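The values are calculated or read from the model by the stated rules, or taken from the named source; none is laboratory data. Just so we're clear, the structure is a prediction, and the values are computed from it rather than from any experiment. Here the Cβ positions follow ideal geometry from the backbone for every residue, glycine too, while neighbour counts run over all protein chains shown.
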Amino acid sequence: MISFDEYLKKFNKLVQKYIPPRNEWTPPDDAVYGVKDIFRVPEKEAKELRLKAIKFQFKRHYEKNSFYRRLCKERKISPDDIKREEDFKKIPLIPDKFFKNYPSGRDFAIWLSNIITGDIPEIEIPNKNPSYDEVVESFNSAGMAVAYSSGTSGRFTFIPRDERTFKIAQYAAAKSIVINVYPLWDYNIYGYLLMPNPFKTNVFAGKICGIYFDLIKEVEVAIDRRISTKTVSRAMSGGRLRRYLLRHAIGVLGKRVVKNIIKWLDSHSREKDSKMALVGTPALMHSVLIKLKEEGKNFDLFNRVGIITGGGWKVQEDKRIPVSNFRRLAEEVLGINPMHCLDVYGMVEGNGFMVHCPEGHYLHVPYTFFYPMVLDENLEPKGFGERGRFAFLDGTTFSYPGFIITGDNVKLLERCPACDRPGPVLEPEVKRMGGEEVRGCAEEVRRMLSI
Ligand SMILES: [Zn+2]
């Protein structure tokens with residue numbers, strides 16, 4: 001078996017273009033690129049890295065972002081007030097709803113520019129009354145990586161990442177996953193992406209998977225057409241008749257996608273010693289497993305297949321399945337080693353991806369740069385071991401303040417009950433807070449394919 005160091009070396013070789021030159025590293029880069037196994041950094045060292053990264057970004061956003069500075073001044077907080085971890089609770093947080101409250105047309109471009117910390121790119125907007133996609137594209141042709149996610153209300157969450165911040169998101173997500181499936185990943189593994197093509201969409205969960213193509217030689221994509229904000233909002237809302245017609249049309253598409261994935265599994269499983277990796281939304285993966293079960297097909301792919309899910313666990317209209325049931329089904333149908341069936345919890349607003357540990361399937365927090373919190377009804381931090389609203393300080397977002405209050409309900413634990421990794425974890429069942437709309441990239445894909 002390949003040693004962990006050798007395994008990591010192979011990974012690092014393939015992701016060089018995501019890492020800035022060493023002489024340009026800042027504390028956030030040290031916290032992301034400077035550590036070996038991001039989930040096994042000794043606690044003291046991790047906390048030092050995180051303190052430096054968060055202090056660095058807080059000062060930057062305070063100095064270079066006028067909207068955030070106003071918020072800080074209202075709360076009477078300045079960079080001098082943040083000296084140690086105990087001061088983190090003073091850092092003003094931005095509710096995720098803020099990023100949904102945007103105007104349209106040219107005003108949307110101004111709104112986006114106002115969120116950006118630091119240099120705003122020179123953009124050219126061709127139309128008088130541009131669509132959201134046109135505005136996003138104009139920022140992205142100027143070197144940004146603006147991406148979005150949406151909720152059932154039809155409102156999007158737009159986040160303006162610059163190239164550097166987006167590369168950190170991609171690198172952090174990929175590395176956290178590759179590390180936790182050790183030693184399964186290999187460049188010659190066959191890959192399937194159960195998401196929109198990363199190069200044809202600005203949907204965050206799709207776009208971020210661009211790095212998958214650098215890590216794996218051959219990747220098949222489930223949804224290869226161009227996905228715009230119009231496609232997404234049509235799938236997420238709309239009148240009943242339109243919805244019915246769309247459902248009908250894309251229901252067929254969903255069936256075809258499931259069929260293609262099964263064909264792919266079938267053919268590669270016959271090759272001796274071949275390995276496969278499926279990355280994507282739980283709903284689509286679940287449909288594949290259900291279909292296989294219905295057809296009475298079984299595979300014996302122990303240590304030969306990995307399944308990485310992400311984006312939320314609503315698998316059918318009004319139906320949510322527990323992550324553990326999904327894993328059992330994958331074991332039954334594919335013969336997967338459950339250590340290689342991992343879920344990822346992340347969101348468009350941050351670069352921190354919580355990834356299951358193979359031993360216990362708890363969601364490990366990348367604690368060298370990401371500070372997780374659980375808030376009570378008054379938005380005050382609660383201690384470990386309690387359930388509440390998830391919030392975080394992300395020390396890696398250069399182009400916008402990544403100090404966010406989410407609409408998710410989580411339980412945060414100081415240590416993993418199942419493994420010896422030193423950092424904090426979230427319990428595997430992440431839910432929406434009461435009264436919050438269902439959102440997440442998995443929900444978009446599910447509705448697009450109507451599965
Ligand atoms: Zn664990």
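Residue check: is Tyr345 under 14 Å from Val279 (Cα atoms) and of a type in the set (Ser, Thr, Tyr)? So Tyr345 fits the description; yes.
For Met276, indicate whether it is at pLDDT 95 or above, closer than 26 Å to Val355 by Cβ and among the hydrophobic types (A, V, I, L, M, F, W, C). Spelling it out, Met276 is indeed at pLDDT 95 or above, closer than 26 Å to Val355 by Cβ and among the hydrophobic types (A, V, I, L, M, F, W, C). Restricting the first member to region 409-434 and to residues that are within 21 Å of Gly310 (Cα to Cα) and without any contact (Cβ under 8 Å) to a residue 40 or more places away in the chain, and the second to residues that are within 12 Å of the ligand (Cβ to nearest atom) and assigned to a strand (DSSP E or B), the beta-carbon pairs closer than 6 Å and six or more apart or on different chains are Val410/Leu426.
In the condition set (1) surrounded by 14 or more Cβ atoms within 10 Å (Cβ to Cβ); (2) of a type in the set (Ser, Thr, Tyr); (3) modelled with pLDDT under 95, Thr26 is compliant with all but (3).
Among the helices (runs of 4 or more DSSP H) confined to region 123-231, the ones with at least 2 residues that are among the hydroxyl-bearing types (Ser, Thr, Tyr) and in contact with a strand residue (DSSP E or B) (Cβ under 8 Å, 6 or more places away or on another chain) are located at 163-180.
Step by step: first the residues of region 328-379, then only those that are assigned to a helix (DSSP H, G or I) and not acidic (Asp, Glu), then the one that is surrounded by the fewest Cβ atoms within 10 Å (Cβ to Cβ). Which residue is that? Break it down stepwise before answering.
Narrowing region 328-379 to residues assigned to a helix (DSSP H, G or I): 328-334, 338-340.
Still in the running and not acidic (Asp, Glu): 328-330, 333-334, 338-340.
Numbers: Arg328: 13, Leu329: 19, Ala330: 25, Val333: 21, Leu334: 26, Pro338: 16, Met339: 17, His340: 24.
Restricting to residues being assigned to a helix (DSSP H, G or I) and not acidic (Asp, Glu), the top hit is Arg328.
Determine, yes or no, whether Arg304 is in contact with a Ser or Thr (Cβ under 8 Å, 6 or more places away or on another chain) and either more than 28 Å from Pro422 (Cβ to Cβ) or within 16 Å of the ligand (Cβ to nearest atom) (or both).
Details: in contact with a Ser or Thr (Cβ under 8 Å, 6 or more places away or on another chain): yes; either more than 28 Å from Pro422 (Cβ to Cβ) or within 16 Å of the ligand (Cβ to nearest atom) (or both): yes.
The answer is yes for Arg304.
Considering only region 338-394, state which residues are of a type in the set (A, V, I, L, M) and more than 16 Å from the ligand (Cβ to nearest atom). Working first, answer last.
Of the residues in region 338-394, the ones of a type in the set (A, V, I, L, M) are 339, 342, 344, 347-348, 354-355, 363, 365, 373-375, 379, 391, 393.
Listed by number, the residues that qualify are Met347, Val348, Met373, Val374, Leu375, Leu379, Ala391, Leu393.
If you check Pro401, Pro428, Pro417 for being in contact with a helix residue (DSSP H, G or I) (Cβ under 8 Å, 6 or more places away or on another chain), within 16 Å of the ligand (Cβ to nearest atom), assigned to a loop (DSSP other than H, G, I, E, B) and not small (Gly, Ala, Ser), only one passes: Pro428. Just one of (1) part of a loop (DSSP other than H, G, I, E, B); (2) of a type outside the set (A, V, I, L, M, F, W, C); (3) under 25 Å from the mean Cα position of the chain (by Cα) fails for Lys83. It is (3). In summary, Ile94 fulfils each of the numbered conditions (1) surrounded by fewer than 19 Cβ atoms within 10 Å (Cβ to Cβ); (2) closer than 24 Å to Gly407 by Cα; (3) not charged (D, E, K, R) with the single exception of condition (1).
Can you find, within region 97-132, the residue that is surrounded by the most Cβ atoms within 10 Å (Cβ to Cβ) among those that are farther than 18 Å from Glu163 by Cβ and within 21 Å of the chain's Cα centre (by Cα)? The residue in question is Phe99.
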